[in-house]
Ligand code: FES
Ligand SMILES: [Fe+2]
């Protein structure tokens, strides 16, 4: 669902590297009892730690140290890639059913609610992370249920066109070739210009008909992502995604991506940011208590808790299509506050649902997934004064719908659209 960026400073990285080196030194030091004599046969020094048990202990220690080093290295230097399957998170599998069966059953029997908002808000949608598309490369992606081909021309610009070739329907994103700033179909070699989708070459035809073109999707390549514009009435982009300077300057670095399949209306997800009360309830139990809501409040984990202070505000013009969420987090263990775990997060959202984090910790987001997968949409929720940001969020979000926005055809049957 999202890429995210974190503010891991160079200083912290240097410190982490130093720690890794120090731990590496520890492994080498542990290895010192090995000595070589003669033809290089190892002997154990007489240090007091002699014999098989001592050797075994040293081996175990070295093994554990290496594992920890590997884990630390991945945590600090490798971008996170957490891809969840549709039934991985948020369903309760009981009575000997598999998770997939439980997920299917919930999707069948669940009430989805009345008067759902239209399915696709107008706006920018993420096609892929910029760095995954090299110059001259083409990829197939799914955006709003449509198949698109995303390619980067020789000029470095990313283009998005319908995946299916108008000639005989081959998928341009699967085996297509970038030629200059055009995409060449793998089937008969027709070439389409990225800029406007126009066919510029049919290798075996004398003349290229004027009407030969593939649909081009307006797109932009900003903040480390390739975004595609959708408007139900076919309007060209009515606003631009603002550049996030922290990303351009390199203050926020790419720390990976998580992907979840969520069975809920798209608006429910950003609305969570304005639902301040749920943080103090759903996200207070310690992260160690997991994401299965049946156990998160178990007494075993009572000694650890998260406290949150949250604010959600729409931004003013010209960025009225963006909103900002400020989160302050603190951790208490056995009643003692751990300032080292204090995290301040600025989340900026718009309808592309891209989330940027300033900290090195993914959010305990999967608890929400279990709520979303099983809840129904309520168009007129029963709110108290303290919930007022939710109404504010709904008013703000309504700007992304227009009269022609597509609605679910079979609201009572399914949320699959
Ligand atoms: S199907 Fe694409 S060129 Fe024929
Ligand atoms: Fe949440």
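The values are calculated or read from the model by the stated rules, or taken from the named source; none is laboratory data. Keep in mind it's a predicted model, so treat the numbers as computed, not measured. Glycine also receives a Cβ, built like all others from the backbone with ideal geometry; neighbour counts cover every protein chain displayed.
For (1) outside the structural domain of residue 366 (by TED's automatic domain parsing); (2) assigned to a helix (DSSP H, G or I); (3) surrounded by 13 or more Cβ atoms within 10 Å (Cβ to Cβ); (4) free of Cβ contacts under 8 Å to residues at least 24 places away in the same chain, each residue gets a yes or a no:
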position: 236; (1), (2), (3), (4): yes, no, no, yes
position: 251; (1), (2), (3), (4): no, no, yes, no
position: 256; (1), (2), (3), (4): no, no, yes, no
position: 293; (1), (2), (3), (4): no, no, yes, no
position: 296; (1), (2), (3), (4): no, no, yes, no
position: 308; (1), (2), (3), (4): no, no, yes, no
position: 313; (1), (2), (3), (4): no, no, yes, yes
position: 319; (1), (2), (3), (4): no, no, yes, no
position: 328; (1), (2), (3), (4): no, no, yes, yes
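If the condition is being touching a helix residue (DSSP H, G or I) at 6+ places or on another chain (Cβ under 7 Å) and either away from ligand 2 (no atom under 11 Å from the Cβ) or in a loop (DSSP other than H, G, I, E, B) (or both), then segment 277-291 contributes 283, 285, 286, 288, 289, 291. None of 200, 253, 174 is closer than 30 Å to residue 330 by Cβ and more than 16 Å from ligand 2 (Cβ to nearest atom) except 253.
Any residue at all in segment 64-74 that is at pLDDT 85 or above, under 27 Å from the mean Cα position of the chain (by Cα) and not in a helix (DSSP H, G or I)? Within segment 64-74, none of the residues are at pLDDT 85 or above, under 27 Å from the mean Cα position of the chain (by Cα) and not in a helix (DSSP H, G or I). Taken over segment 188-206, residues that are touching a strand residue (DSSP E or B) at 6+ places or on another chain (Cβ under 9 Å) and within 12 Å of ligand 1 (Cβ to nearest atom) amount to 8.
When you scan segment 226-257, how many residues do you find that are touching a helix residue (DSSP H, G or I) at 6+ places or on another chain (Cβ under 6 Å) and under 23 Å from residue 194 (Cα atoms)? Spell out how you get there, then give the answer.
Start the filter on segment 226-257 by keeping residues that are touching a helix residue (DSSP H, G or I) at 6+ places or on another chain (Cβ under 6 Å), which leaves 226, 252.
Keeping just the survivors that are under 23 Å from residue 194 (Cα atoms) gives 226.
Of the residues in that region, 1 qualify.
Scanning segment 264-276 for residues that are assigned to a loop (DSSP other than H, G, I, E, B) and either touching a helix residue (DSSP H, G or I) at 6+ places or on another chain (Cβ under 6 Å) or within 12 Å of ligand 2 (Cβ to nearest atom) (or both) returns 264, 267, 275. For residue 200, are the conditions met, namely being under 30 Å from residue 268 (Cα atoms), assigned to a strand (DSSP E or B), out of contact with any helix residue (DSSP H, G or I) (no Cβ under 7 Å at 6 or more places or on another chain) and not assigned by TED's automatic domain parsing to the domain that holds residue 254? No, not satisfied. Being more than 16 Å from ligand 1 (Cβ to nearest atom), more than 21 Å from residue 322 (Cα to Cα) and outside any helix (DSSP H, G or I) is true of residue 261.
Any residue at all in segment 88-100 that is surrounded by 12 or more Cβ atoms within 10 Å (Cβ to Cβ), out of contact with any helix residue (DSSP H, G or I) (no Cβ under 9 Å at 6 or more places or on another chain), part of a helix (DSSP H, G or I) and free of Cβ contacts under 8 Å to residues at least 60 places away in the same chain? Full working, then the answer.
Pass one, segment 88-100, residues surrounded by 12 or more Cβ atoms within 10 Å (Cβ to Cβ): 88-93, 97, 99-100.
Okay, now just the ones that are also out of contact with any helix residue (DSSP H, G or I) (no Cβ under 9 Å at 6 or more places or on another chain), so 99-100.
Then keep just the ones that are part of a helix (DSSP H, G or I); that gives 99-100.
Now narrow it down to the ones that are free of Cβ contacts under 8 Å to residues at least 60 places away in the same chain: 99-100.
Yes.
When residue 148 is tested against (1) within 22 Å of the chain's Cα centre (by Cα); (2) at pLDDT below 95, only condition (2) is not met.
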